[in-house]
Amino acid sequence: MSDAEEILARLIEDLKKKFGDKILEVNLEPKKIAKFTVTPECIKEVAQYLKSEWTIDYIKGVTGVDLSRLPDKAQEVLEVIYHIGSISSEMFRGVTLSLSTKVSISNPVVPSLSNIWKGAEMHEREAYEMLGINFEGHPDLRKLLLPEFWSDKPPLRKDYVVPGRGC
Amino acid sequence: MSILRDVKRTLMPIYSGLKHVFLKPYTIKWPYERVPNLSDEGYRFDPKTGIGYPGNKGRHLLYMEKCTGCGSCDLTCQNIAEAITMTYGFDVVIILDENCYEAFKGSKPEIVKALDVILSSFSAEPSNIQYNSLSSFFWTLTGVKQVTKVDGGYEIKLSLEPIFDVRAVEVLYQKIYPAVERLKATGWELRKLEVTTESTSVELSKQDFTINILIRKIDMGYKHNRRSLFPSIDYGRCVMCGLCVDACPFQALEMTSEFELSAISRRELIYTPTMLAKRPEEFNITGVPPELNVIERMRMVFRRIIW
Amino acid sequence: MLFRGEGVEVVKEKVKSLEVYEAGPMLTFSMGPQHPGTGHFRMIITVVGDTVVRCDPDPGFVHRGEEKLCEYKTWITNIPHLERPAILDAAGMIYPYVLAVERLMDIEPPERAKYLRVIMAELQRICSHLYWLGLMGVFAGHATIYMWCFGDREYLVDLTQLIGGQRITHSYFVPGGVRNDAPSKVPKELVKDFRRYYRMMLGKDYPGGEVPEDFRKYVLAVCEFFDTRLDEYYPMLLDSPLFIYRTRGVGILKREDAISLGVVGPVLRGSGVKSDTRIDEPYDAYPYLKFNVPTMDGCDSYSRIMVGYYEMRESVRIIKQAVEQMPEGPVKLKQHPVTIKVPAGEVFASAEAARGQCSYYIRSDGTDKPYRVKICSPSFRNLIAIPHLIKDVRIADIPIIYWSLNYWPVECDR
């Protein structure tokens, strides 16, 4: 067991102790991904805890995934994943955590974490326009890459069909 | 002291630059001179080991005797640039019946005019070219030289090079049908129109003259490729990634170091299999650069030798 | 050039919320997207007099939907189009994708392929940084360094062409190795040409007369030459007081801000943070190579460009080591050249591209196409620094700050 795996195991244990069954799912695959799923209500709390107790202070990206077309376990949900890491803490050197939450596709509202990690602002704006996820409490939720007059479905949803490509 | 140092640091760039004023200039006068940094090797791929050979990724080279028309390159490119299309070669012939041919030999104005109309639709004018049409632009009008006797009349071959296209009906639509429309306006009657994938024929008649225009697939005579199906590449779309070369299981596709692929119309960028089969040294699509004029040549001599 | 268009209402609202400056009337205009300095990128700038009070970046002019495209194409055929966002740094952009797919498939490339990848990535890093340094020179009013950078870059681009077959977008990396081995010989004409260029730039003949034709030795020769040239860049641009006055103390990004904003690459290291993916989570041949991660504590534009300059030196060092240590052997695993099977799963992989850490989140559902590909490109992560830095600065400083971030609009928009 390498250092990174050890620290991750400790972190997960601590989170489970602190938040209990609010941690819905843990997906820990060495070299691939270290993801834990929490409920959307408590994501802000978890993020705050991670930042203050574990000095997770660096955001690497925010991904939105539409899970409605997964072949084996299709769910009508959108998954929001925050890829986070740490610069100040030596232990977390080279470790990327993925903090994820799932919201229903009909009412995708997630609390914004841009006041915890300031860098999440642009990433959240991108997820907002590309997947239609509303981030509550975001300071400036506008379109970023798409034109302002875009009124079609959010393009990265699976039911959006690229014109001329079909399927 | 710091002022002195600042002055020195300010003057240093000027000194560094000044050194180069007295050195020989370095400019390659492309296209009059060849670009020196290209090796002649093109990118190739060995399907046995699964590893490519290093080389430039320029225009493709097609070995028609190796190609089986399997379409692996097409399938790969469908996911990348959609530049490759598998095409058949087509021949366009006009069949005149006996009495039509006699009238033609006697240069009866009606028949000569009708043939003129059909021939004129074969002259490639960029303004008439539709984007995305896969047809050869190599038009050589053979006129009435190649007349052969066939059953039921005489046959005039319209093109020396085969016309490459996906279906015969595309050739009909682009090449023949405008002429047919014009002939219909002058009293010719469209008798019969047969359309299949591999051949298409149009029969026109006026009084007792009959002209038959036939578009037929050519059998290229390669024994590995009975269907005579070969890739055409649109260089307006190709990104030169060379994955089609990797995908070919028979080493029929290769890349060359030819990179000067400019053209004045989009259609000229569509390379037919016969063009792809030519090696770069025997084929220069962009043309030889214009002759240097005297002043230009003297300037070059001056720069190279005297300086 | 007053700002007009759809966004005018938005801007008006935003300006309303700002406090009214007594110094003069507030003026909002847009810088770009046709501005030669910004590329395809617009900044909506509000000024009072000559001072910028607010900057709203507006990317998206070159958005091509790479992430959506990935869902339509297969695993290997995604490679050519994923390089396009950063054509100067195609290897850096595709590196994390290839790593991610390899990790999903649980395969490891052969040793020689690892070294070839490192050589390619570092050559591209130098090419990209030379482009950056050259244009930085232009924006500081220094045209000579632009010519020099682009002249020297040519020989490094030629090396990438010898290896990968193309000048910029090579499609060279594939999951399971690289597509072809490096050549053993360099064309004679190129060697002759390099010798001529050497004599022209350094004013003396190549030591020993003949430039070696062997590939390894030729790479070392170019590296030596480039090292000497880097020495000349320093007095030419970076030590010149005119350049220093123009860039020192301009666009200060403090260490804490850099971390909380999540910026990457030379921007982060220019703020004194020692963070490099090649060291933090070493991949491929990087663990076997010795190099430093240059950082500067100035936190300003000058520090950022200096970090870029020192990184080129480190890259040269890495290339030299990699060329010497490179073992013989195959360069690719045995697999189908175009169709590969990737098991279902999730992966997050990062690599150090020229502009900083580039990461991919990939979700596979076991079919021949990815289910979701998310690109966290370095320029997108540096985008947030633009409104932060272009605030309370003079208009004349905007180009300097903008170029010190090494922002590449296409890479940001994807």
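Working carefully through the options C:GLY177, C:GLY165, find the one that is open to solvent by less than 10 Å² (accessible area, probe 1.4 Å), closer than 19 Å to B:ALA247 by Cβ, free of Cβ contacts under 8 Å to residues at least 40 places away in the same chain and touching a strand residue (DSSP E or B) at 6+ places or on another chain (Cβ under 6 Å). Break it down stepwise before answering.
Details: C:GLY177 fails: free of Cβ contacts under 8 Å to residues at least 40 places away in the same chain.
Going through C:GLY177, C:GLY165 in turn, the sole match is C:GLY165.
Of the residues making up region A:112-167, those that are over 26 Å from C:ASP257 (Cα atoms) and in a loop (DSSP other than H, G, I, E, B) number 24. In region C:77-87, the qualifying residues are those that are more than 9 Å from chain B (Cβ to nearest Cβ), among the aliphatic types (A, V, I, L, M) and open to solvent by less than 10 Å² (accessible area, probe 1.4 Å), and the one that is farthest from C:GLN161 (Cα to Cα) is C:LEU82. Among helices (runs of 4 or more DSSP H) entirely within region C:262-332, having at least 2 residues that are acidic (Asp, Glu) singles out C:301-325.
Of everything in region B:51-65 that is farther than 26 Å from C:LEU333 by Cβ and part of a loop (DSSP other than H, G, I, E, B), the residue that is nearest to the other protein chains (Cβ to nearest Cβ) is B:GLY58.
Filter region B:240-281 for residues that are small (Gly, Ala, Ser), assigned to a loop (DSSP other than H, G, I, E, B) and either more than 16 Å from the chain's Cα centre (by Cα) or modelled with pLDDT of 90 or more (or both) and give the result.
To start, the set of residues in region B:240-281 that are small (Gly, Ala, Ser) comprises B:242, B:247, B:252, B:257, B:262-263, B:265, B:277.
Of the ones still in play, those that are also assigned to a loop (DSSP other than H, G, I, E, B) are B:242, B:252, B:257, B:262-263, B:265, B:277.
Selection gives B:GLY242, B:ALA252, B:SER257.
Anything in region B:92-137 that is modelled with pLDDT under 50 and either part of a helix (DSSP H, G or I) or open to solvent by 10 Å² or more (accessible area, probe 1.4 Å) (or both)? List them, or say none. Quick ask: steps written out before the conclusion?
Just the residues of region B:92-137 that are modelled with pLDDT under 50, to begin with: B:124-137.
Across region B:92-137, the qualifying residues are B:ALA124, B:GLU125, B:PRO126, B:SER127, B:ASN128, B:ILE129, B:GLN130, B:TYR131, B:ASN132, B:LEU134, B:PHE137.
Between C:THR46, C:THR38, C:THR74, C:THR51, the distinction of being modelled with pLDDT under 85 and either in contact with a Lys or Arg (Cβ under 6 Å, 6 or more places away or on another chain) or open to solvent by 30 Å² or more (accessible area, probe 1.4 Å) (or both) belongs to C:THR51 only.
Could you check, for region A:96-107, whether at least one of its residues is hydrophobic (A, V, I, L, M, F, W, C), over 20 Å from A:GLU41 (Cβ atoms) and surrounded by 15 or more Cβ atoms within 10 Å (Cβ to Cβ)? Walk me through how you get there before you give the answer.
Narrowing region A:96-107 to residues hydrophobic (A, V, I, L, M, F, W, C): A:97, A:99, A:103, A:105.
With the extra rule that they be over 20 Å from A:GLU41 (Cβ atoms), the set shrinks to none.
Scanning region A:96-107 turns up no residue that is hydrophobic (A, V, I, L, M, F, W, C), over 20 Å from A:GLU41 (Cβ atoms) and surrounded by 15 or more Cβ atoms within 10 Å (Cβ to Cβ).
Restricting attention to region C:32-59, the residues being in contact with a Cys (Cβ under 9 Å, 6 or more places away or on another chain) and in a loop (DSSP other than H, G, I, E, B) number 2.
Here are some residues: C:LEU253, C:LEU268, C:LEU230, C:LEU261. Which one is away from chain A (no Cβ under 14 Å) and touching a residue at least 40 places away in the same chain (Cβ under 8 Å)? Walk me through it before giving the result.
Numbers: C:LEU253 fails: away from chain A (no Cβ under 14 Å); C:LEU268 fails: away from chain A (no Cβ under 14 Å); C:LEU261 fails: away from chain A (no Cβ under 14 Å).
Going through C:LEU253, C:LEU268, C:LEU230, C:LEU261 in turn, just one is away from chain A (no Cβ under 14 Å) and touching a residue at least 40 places away in the same chain (Cβ under 8 Å): C:LEU230.
Going by the conditions given, is A:VAL46 β-branched (Val, Ile, Thr), modelled with pLDDT of 85 or more, closer than 30 Å to C:ARG278 by Cα and not in a helix (DSSP H, G or I)? The answer is no for A:VAL46.
Residue check: A:LYS18 meets all listed conditions (1) among the basic types (Lys, Arg); (2) in a strand (DSSP E or B); (3) at pLDDT below 85 but one, namely (2).
Checking the structure you have, find out if any residue of region B:220-228 is in a loop (DSSP other than H, G, I, E, B), farther than 30 Å from B:VAL169 by Cβ and open to solvent by 60 Å² or more (accessible area, probe 1.4 Å). Even if it seems obvious, please write down each step before you answer.
The initial filter retains those residues of region B:220-228 that are in a loop (DSSP other than H, G, I, E, B), namely B:220-228.
Filter again for farther than 30 Å from B:VAL169 by Cβ, leaving none.
Scanning region B:220-228 turns up no residue that is in a loop (DSSP other than H, G, I, E, B), farther than 30 Å from B:VAL169 by Cβ and open to solvent by 60 Å² or more (accessible area, probe 1.4 Å).
For region A:1-54, the set of residues classified as more than 16 Å from the chain's Cα centre (by Cα) and polar (S, T, N, Q) consists of A:SER2, A:SER52, listed by residue number.
Look at region C:188-216: where a residue is part of a helix (DSSP H, G or I) and a partner is aliphatic (A, V, I, L, M) and surrounded by 14 or more Cβ atoms within 10 Å (Cβ to Cβ), sitting 6+ places away or on another chain with Cβ atoms under 6 Å, you get C:VAL191/C:VAL211; C:PHE194/C:VAL211; C:ARG195/C:VAL211; C:PHE215/C:ALA182; C:PHE215/C:VAL186; C:ARG216/C:VAL323.
Here's the yes/no breakdown for (1) at pLDDT below 90; (2) under 30 Å from B:THR27 (Cβ atoms):
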{"site": "C:PRO85", "(1), (2)": "yes, no"}
{"site": "C:ILE94", "(1), (2)": "no, no"}
{"site": "C:ALA100", "(1), (2)": "no, no"}
{"site": "C:VAL118", "(1), (2)": "no, no"}
{"site": "C:TYR131", "(1), (2)": "no, yes"}
{"site": "C:THR169", "(1), (2)": "yes, yes"}
{"site": "C:GLY176", "(1), (2)": "yes, no"}
{"site": "C:VAL186", "(1), (2)": "yes, yes"}
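If the condition is being more than 9 Å from chain A (Cβ to nearest Cβ) and either more than 16 Å from the chain's Cα centre (by Cα) or of a type in the set (A, V, I, L, M) (or both), then region C:361-384 contributes C:ILE362, C:SER364, C:ASP368, C:LYS369, C:PRO370, C:VAL373. Please determine whether any residue of region A:73-81 is at pLDDT 85 or above, part of a loop (DSSP other than H, G, I, E, B), over 26 Å from C:PRO33 (Cα atoms) and open to solvent by 10 Å² or more (accessible area, probe 1.4 Å). Within region A:73-81, one or more residues are at pLDDT 85 or above, part of a loop (DSSP other than H, G, I, E, B), over 26 Å from C:PRO33 (Cα atoms) and open to solvent by 10 Å² or more (accessible area, probe 1.4 Å).
Among the residues of region B:26-49, is there at least one that is surrounded by 17 or more Cβ atoms within 10 Å (Cβ to Cβ) and more than 10 Å from chain C (Cβ to nearest Cβ)? Please lay out each step first, then the result.
Step one: list which residues in region B:26-49 are surrounded by 17 or more Cβ atoms within 10 Å (Cβ to Cβ), which gives B:36-39, B:41-45.
Cutting the leftovers down to more than 10 Å from chain C (Cβ to nearest Cβ) gives us none.
No, region B:26-49 contains no residue that is surrounded by 17 or more Cβ atoms within 10 Å (Cβ to Cβ) and more than 10 Å from chain C (Cβ to nearest Cβ).
Name every residue in region A:25-40 that is charged (D, E, K, R) and within 11 Å of chain C (Cβ to nearest Cβ), in order of residue number. Before the answer, list the steps.
So in region A:25-40, the residues charged (D, E, K, R) come out as A:25, A:29, A:31-32, A:35.
Residues satisfying the conditions are A:GLU29, A:LYS31, A:LYS32, A:LYS35.
In this structure, A:ALA47 does satisfy being touching a residue at least 12 places away in the same chain (Cβ under 8 Å), within 22 Å of C:LEU261 (Cα to Cα) and more than 8 Å from chain C (Cβ to nearest Cβ). Examine region B:52-71 for a residue that is free of Cβ contacts under 8 Å to residues at least 24 places away in the same chain and either under 27 Å from the mean Cα position of the chain (by Cα) or surrounded by fewer than 13 Cβ atoms within 10 Å (Cβ to Cβ) (or both), and state whether such a residue exists. So far as region B:52-71 goes, yes, one or more of its residues are free of Cβ contacts under 8 Å to residues at least 24 places away in the same chain and either under 27 Å from the mean Cα position of the chain (by Cα) or surrounded by fewer than 13 Cβ atoms within 10 Å (Cβ to Cβ) (or both).
Which residues, taken from region C:376-414, are among the charged types (D, E, K, R), part of a helix (DSSP H, G or I) and open to solvent by less than 10 Å² (accessible area, probe 1.4 Å)?
C:ARG381, C:GLU411, C:ASP413
Of everything in region A:82-95, what is out of contact with any helix residue (DSSP H, G or I) (no Cβ under 8 Å at 6 or more places or on another chain) and surrounded by 15 or more Cβ atoms within 10 Å (Cβ to Cβ)? Give them in sequence order.
Filtering region A:82-95 down to residues out of contact with any helix residue (DSSP H, G or I) (no Cβ under 8 Å at 6 or more places or on another chain) leaves A:83, A:85, A:90.
Selection gives A:HIS83, A:GLY85.
Does any residue in region B:262-276 that is surrounded by 17 or more Cβ atoms within 10 Å (Cβ to Cβ) come within less than 9 Å, Cβ to Cβ, of a residue that is assigned to a helix (DSSP H, G or I) six or more places away or on a different chain, and which pairs are these? Taking only residues 6 or more apart or on different chains, the pairs are B:ARG266/B:PRO126; B:ARG267/B:PRO126; B:GLU268/B:PRO126.
Of the residues in region C:295-318, at least one is open to solvent by 10 Å² or more (accessible area, probe 1.4 Å) and within 14 Å of chain A (Cβ to nearest Cβ).
The values are calculated or read from the model by the stated rules, or taken from the named source; none is laboratory data. Treat the numbers as computed from the prediction; the structure is a model and nothing was measured. Every residue, glycine as well, gets a Cβ built from its backbone with ideal geometry; the counts of neighbours run over all protein chains shown. Heads up: the accessible areas ignore ligands, DNA and RNA and are worked out on the full protein's heavy atoms, side chains in. Shrake-Rupley method; radii C 1.70, N 1.55, O 1.52, S 1.80 Å.
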